[in-house]
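Some notes on the structure that comes next.
The values are calculated or read from the model by the stated rules, or taken from the named source; none is laboratory data. The structure presented is a predicted model; accordingly, all values stated were derived computationally and were not measured. Virtual Cβ from ideal backbone geometry, glycine too; neighbours counted across all protein chains shown. In case anyone asks, the SASA skips ligands and DNA or RNA and just uses the protein heavy atoms, side chains included. Shrake-Rupley method; radii C 1.70, N 1.55, O 1.52, S 1.80 Å.
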Amino acid sequence: GNYQAYRLIARREPFQGSNFYGDWVKDYKEDEEVYVVYSYSTAIAECRRGVWIINETRYSVSTGHHMSYVKRALYAHAGEYVSVYYVSRGERLLYDNIMHSVALDRFDRLAASA
């Protein structure tokens, strides 16, 4: 069930839960493989170049539950991630939603040390 998902997310392994799944996806624009966690059809977390990007947009109660599994998985990372906000429903990848230069600088810094 979903309650085991956080272990798989922490290890970046594919999983299938209830309206909740994670898998490796090819980002053709950036030409890299990315691990993405989806709630329904929307990306809520993504790991690329060893850096987690977390979608902080509020959607529904069930997506909030899914996000709690993601946050639990990331607890091991001691909070080292980049947040994105105001992400449209149905977005499949999160990197392009890093709008602010401060967040992009943070992503680059984390990726350099990953």
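Kindly state which strands (runs of 3 or more DSSP E) lie completely within the range 22-71 and contain at least 2 residues that are closer than 15 Å to Ala111 by Cβ and touching a Lys or Arg at 6+ places or on another chain (Cβ under 7 Å).
Counting at least 2 such residues, we get 32-39.
Return the residues of the range 1-21 that are open to solvent by 50 Å² or more (accessible area, probe 1.4 Å) and in a loop (DSSP other than H, G, I, E, B); say none if nothing qualifies.
Gly1, Arg11, Arg12, Glu13, Pro14, Ser18, Asn19
Name every residue in the range 34-76 that is of a type outside the set (S, T, N, Q) and over 13 Å from the mean Cα position of the chain (by Cα), in order of residue number.
Answer for the range 34-76, where residues must be of a type outside the set (S, T, N, Q) and over 13 Å from the mean Cα position of the chain (by Cα): Tyr40, Arg58, Tyr59, Val61, Gly64, His65, Tyr75, Ala76.
Find all pairs meeting these conditions: Cβ atoms under 6 angstrom apart; at least six residues apart or on different chains; first residue within the range 14-26 and touching a residue at least 12 places away in the same chain (Cβ under 8 Å); second residue open to solvent by 80 Å² or more (accessible area, probe 1.4 Å) and among the hydroxyl-bearing types (Ser, Thr, Tyr).
Asn19/Tyr40
In the range 59-114, what residues are closer than 14 Å to Tyr40 by Cβ and either among the charged types (D, E, K, R) or in contact with an Asp or Glu (Cβ under 6 Å, 6 or more places away or on another chain) (or both)?
Matches in the range 59-114: Arg89, Glu91, Arg92.
Within the range 49-56, is even one residue surrounded by fewer than 13 Cβ atoms within 10 Å (Cβ to Cβ), β-branched (Val, Ile, Thr) and either touching a Cys at 6+ places or on another chain (Cβ under 8 Å) or over 23 Å from Ser113 (Cβ atoms) (or both)?
Scanning the range 49-56, I find no residue that is surrounded by fewer than 13 Cβ atoms within 10 Å (Cβ to Cβ), β-branched (Val, Ile, Thr) and either touching a Cys at 6+ places or on another chain (Cβ under 8 Å) or over 23 Å from Ser113 (Cβ atoms) (or both), so the answer is no.
Identify all residues within the range 27-37 that are under 22 Å from Ser68 (Cβ atoms) and without any contact (Cβ under 8 Å) to a residue 40 or more places away in the chain; write none if there are none.
Listed by number, the residues that qualify are Tyr35, Val37.
Out of all the residues in the range 72-87, which are closer than 20 Å to Leu104 by Cβ, open to solvent by 60 Å² or more (accessible area, probe 1.4 Å) and hydroxyl-bearing (Ser, Thr, Tyr)?
Correct list: Tyr85, Tyr86.
Would a scan of the range 87-96 turn up a residue that is closer than 25 Å to Asn2 by Cα, at pLDDT 95 or above, in a loop (DSSP other than H, G, I, E, B) and touching a Phe, Trp or Tyr at 6+ places or on another chain (Cβ under 7 Å)?
Scanning the range 87-96 turns up at least one residue that is closer than 25 Å to Asn2 by Cα, at pLDDT 95 or above, in a loop (DSSP other than H, G, I, E, B) and touching a Phe, Trp or Tyr at 6+ places or on another chain (Cβ under 7 Å).
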